[in-house]
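Below: the structure, in structure tokens.
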Amino acid sequence: MTRKIIIDRVTRVEGHGKVTIHLDDEGNVAQARFHVTQVRGFEKFCEGRLFWEMPVITARICGICPVSHHLASAKAGDAILGVEPPPTAKMLRRLIHMAQILQSHALHFFYLASPDLLFGMDADPAKRNIMGIIAEMPEIAKKGIKIRAFGQKIIEMLGDKRVHPNAAIPGGMNKTFSPNKRDEILSQVDDVIADCRFAVDLIKDYCAQHGEEVTSFASFSTSYLGLVDNNGNVEYYDGKLRLKDSKGNVLENDVAPENYLSIIEERAEDWSYLKSPYYKKLGYPHGMYRVGPLGRLNVADGCSTPLANKEFRDFKKLGSNGIVQGSLYYHYARMIEMLNAAEEIKSLLQDELICSKEIWVSSSIINEEGIGVIEAPRGTLFHHYWVDKSGKIRKVNLIVATGNNNLAMNRAVYEVAKEFIKNGKVTEGILNRIEVAIRCYDPCLSCSTHALGHMPLEVTIYGPDGNILQVLRR
Amino acid sequence: MGDDGVGFHVVKELAKEIKDENIDVKDTSADGLNLLELIIGYDKLIVIDAIVTEGEKVGRIYRLKPEDVCEPLRSVISSHHFNLTTTLEIGKRLFPEDIPKEITVFAVGIQEVSKVTEEMTVKVKEAIPRVMDLILEEISSG
């Protein structure tokens, strides 16, 4: 017997995608795939532009994390110029970056993910959304708005605009930060830190109450990748790449970000527009690794700020050798990072140097290649440019966070499908759970294929002979 | 860009005309929560934007209420899906005291949205002084 199931509308993710599930002769899951069905071509149409323009052009890749592209691009530009930006410029870049981690994590947790957690995965989708949270738990929704607005305000102060900032340029920043603005933000930051602690407690309690499900749901072994600082702490702006396996063994350490191609390769598959990066030495697909909040916390030894570090220690106890594998733990890790970002903002603002006027350094050098790497909210982001002698872009390679997680998202869908489809019987609740699994990764499909727009995700189930068996639609 | 940028041109001109310090004239491409954050704390809101229409209706000015502009509240499935009604509804429910009590939308009918150009078509360009007059009248009437 042949059966196909399509889950249409995997909702509350950013961008386009669909899921297909193939069953074997016994009606069990043989294969499950998460297809990204949009293509955009940013890498191609940047060719011929000056590298100076790239921070502003590539910020348009995404409306949620434009700051990450903006900064990774400016860092690639620094490398082309062969310069290190002055300390104040780096602090301001860190500040705007932390502001974005804060707003992006808050948006995802409160507005996209919390309905699944607070109402339960089996709750009616009509209620399991942000309007449901607003109706029943308005105080939680308000905190989400408040944290996000605080991050957006900093982005606007430094970048003139709330969405696509104009702040960083190759060599530094294009404007200084006034003591007045600094004081305004500083006066609000303790409130925001308190709200972030509330969010950490919320997800911590959830994980404690749903221990078994959180530990087993879409849980599987992978390697993990992220940037760490000189002390091994989670690092978002600078640092070196570290890769650990699922048992906590360090596979790569202290890898300079510009040497990323020595550890990572990309594979293009005919079933998705999103490429699949993997760890070179383990090969494809065994070299699957995860990035983002869970990846960063799994590879690091600590967080740079006291409150986040305390939470980090508790979090690490959940895994063996400090490696936490369940996909739902992404939410927990994300909230620890949000707290870390708020504390980082406070500490940056308390340093007088942030208002210094030395924010840019010039150079007459134009190197032919520049690489900028940063930890975007969703994970490690690589911008790699090749330019001609006049600084015109010859070639661009972008590996975005969601791309890094492509293999893992496929695996998460497979794990859930395997659990909910047995002997050809599709259990109710599979649709909701596939959505929840994908949403853990907070995928930004617009970013990853550099594509525009939105479309609900669709899930199709195929029988062993390739015929469509079932289409699940909302 | 092109006719779709009519709101931007009107706002640019209005900023020159309006001297009242109780009135802020803002140009924004924000939607969703970004838009909500922008309008919180005001008593009255006037929105000026383009609206897609056809034929003779191009260049026509529509005075609307938010609920006339887009479909009512719907499930928010991604942050790309916050339409104006949803945005305002979130605002009303969470910050009932801080959301503008009176919201008016002035929309100029346009036909072409996908053409990349900085030039507006004649009918749309001609609507600019008319819509400015209507907005200024709206403001002076309180």
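The values are calculated or read from the model by the stated rules, or taken from the named source; none is laboratory data. Just so we're clear, the structure is a prediction, and the values are computed from it rather than from any experiment. As a convention, Cβ positions derive from the backbone with ideal geometry for all residues, glycine included, and neighbour counts pool all protein chains shown. Areas reflect the complete protein model, heavy atoms only, side chains present, ligands, DNA and RNA absent. Shrake-Rupley method; radii C 1.70, N 1.55, O 1.52, S 1.80 Å.
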Fill in: Search result, residues across region B:92-142 that are in a helix (DSSP H, G or I), open to solvent by 20 Å² or more (accessible area, probe 1.4 Å) and of a type in the set (Gly, Ala, Ser)
B:Ser140
Worksheet item: Taking region A:294-308 as the search range and keeping residues that are part of a helix (DSSP H, G or I) and without any contact (Cβ under 8 Å) to a residue 60 or more places away in the chain, which one is least open to solvent (accessible area, probe 1.4 Å)?
Response: A:Ala308
Item to complete: Return the only residue of A:Ile133, A:Ile140 being open to solvent by 10 Å² or more (accessible area, probe 1.4 Å), hydrophobic (A, V, I, L, M, F, W, C), within 14 Å of another protein chain (Cβ to nearest Cβ) and part of a helix (DSSP H, G or I).
Response: A:Ile140
Discussion item. Being away from every other protein chain (no Cβ under 14 Å), buried (at least 24 other Cβ atoms within 10 Å of the Cβ) and assigned to a strand (DSSP E or B) narrows it down to one residue among A:Ile21, A:Ile80, A:Ile101; which is it?
Written reply: A:Ile21
Worksheet, complete the sentence: Across region A:104-130, the tally of residues that are polar (S, T, N, Q), within 11 Å of chain B (Cβ to nearest Cβ) and either under 23 Å from A:Ala341 (Cβ atoms) or part of a helix (DSSP H, G or I) (or both) stands at 1
Worksheet, complete the sentence: Flagged in region B:1-35 as within 14 Å of chain A (Cβ to nearest Cβ), without any contact (Cβ under 8 Å) to a residue 60 or more places away in the chain and of a type outside the set (Ser, Thr, Tyr), in numbering order, are B:Phe8, B:Lys26, B:Asp27, B:Ala30, B:Asp31, B:Gly32, B:Leu33, B:Asn34, B:Leu35
Discussion item. So, A:Asp116, is that one farther than 25 Å from A:Asp238 by Cα, among the acidic types (Asp, Glu), open to solvent by 10 Å² or more (accessible area, probe 1.4 Å) and touching a residue at least 12 places away in the same chain (Cβ under 8 Å) or not?
Written reply: no
Item to complete: Would you check which residues across region A:83-98 are outside any helix (DSSP H, G or I) and of a type in the set (Val, Ile, Thr) and list them?
Response: A:Val83
Worksheet item: With respect to the numbered conditions (1) among the hydroxyl-bearing types (Ser, Thr, Tyr); (2) more than 22 Å from A:Ser347 (Cα to Cα); (3) modelled with pLDDT of 95 or more, which one is the sole condition not fulfilled by A:Thr88?
Response: (2)
Response to the item:
Counting only strands (runs of 3 or more DSSP E) entirely within region A:221-276, those with at least 3 residues that are without any contact (Cβ under 8 Å) to a residue 40 or more places away in the chain, over 16 Å from A:Cys303 (Cβ atoms) and touching a strand residue (DSSP E or B) at 6+ places or on another chain (Cβ under 9 Å) are A:250-255
Worksheet item: Can you name the number of the only condition in (1) within 14 Å of another protein chain (Cβ to nearest Cβ); (2) in a helix (DSSP H, G or I); (3) open to solvent by less than 10 Å² (accessible area, probe 1.4 Å) that A:Cys62 fails?
Response: (2)
Worksheet item: Does any residue of region A:171-193 turn out to be of a type outside the set (Phe, Trp, Tyr), open to solvent by 10 Å² or more (accessible area, probe 1.4 Å) and farther than 21 Å from A:Leu353 by Cα?
Response: yes
Fill in: Residue list for region A:191-241, restricted to those being polar (S, T, N, Q), under 22 Å from A:Asn432 (Cβ atoms) and touching an Asp or Glu at 6+ places or on another chain (Cβ under 9 Å)
A:Ser216, A:Ser219
Worksheet item: Is it the case that some residue within region B:39-51 is surrounded by 19 or more Cβ atoms within 10 Å (Cβ to Cβ), assigned to a helix (DSSP H, G or I) and modelled with pLDDT of 80 or more?
Response: yes
Worksheet, complete the sentence: For A:Glu184, the lone unmet condition from (1) more than 12 Å from every other protein chain (Cβ to nearest Cβ); (2) out of contact with any strand residue (DSSP E or B) (no Cβ under 8 Å at 6 or more places or on another chain); (3) touching a residue at least 60 places away in the same chain (Cβ under 8 Å) is (3)
Worksheet entry | Flag for A:Ala74 being closer than 30 Å to A:Ser364 by Cβ, modelled with pLDDT of 90 or more, crowded, with 21+ Cβ neighbours inside 10 Å and not β-branched (Val, Ile, Thr) | yes
Practice prompt. Confirm whether A:Ile359 is over 29 Å from A:Cys440 (Cβ atoms), hydrophobic (A, V, I, L, M, F, W, C) and out of contact with any His (no Cβ under 8 Å at 6 or more places or on another chain).
Written response: yes
Discussion item. Would you confirm whether or not region A:90-110 contains a residue that is free of Cβ contacts under 8 Å to residues at least 24 places away in the same chain and within 24 Å of A:Leu353 (Cα to Cα)?
Written reply: no
Item to complete: Would you check if there is a residue in region A:185-205 being at pLDDT 95 or above and either closer than 22 Å to A:Met409 by Cα or assigned to a loop (DSSP other than H, G, I, E, B) (or both)?
Response: yes
Discussion item. Looking at region A:166-173, can you tell me whether even one residue there is away from every other protein chain (no Cβ under 12 Å), under 25 Å from A:Asn432 (Cβ atoms) and within 24 Å of the chain's Cα centre (by Cα)?
Written reply: no
Worksheet item: Which of the residues that make up region A:143-165 are part of a loop (DSSP other than H, G, I, E, B), more than 8 Å from chain B (Cβ to nearest Cβ) and either open to solvent by 10 Å² or more (accessible area, probe 1.4 Å) or at pLDDT 90 or above (or both)?
Response: A:Asp160, A:Lys161, A:His164
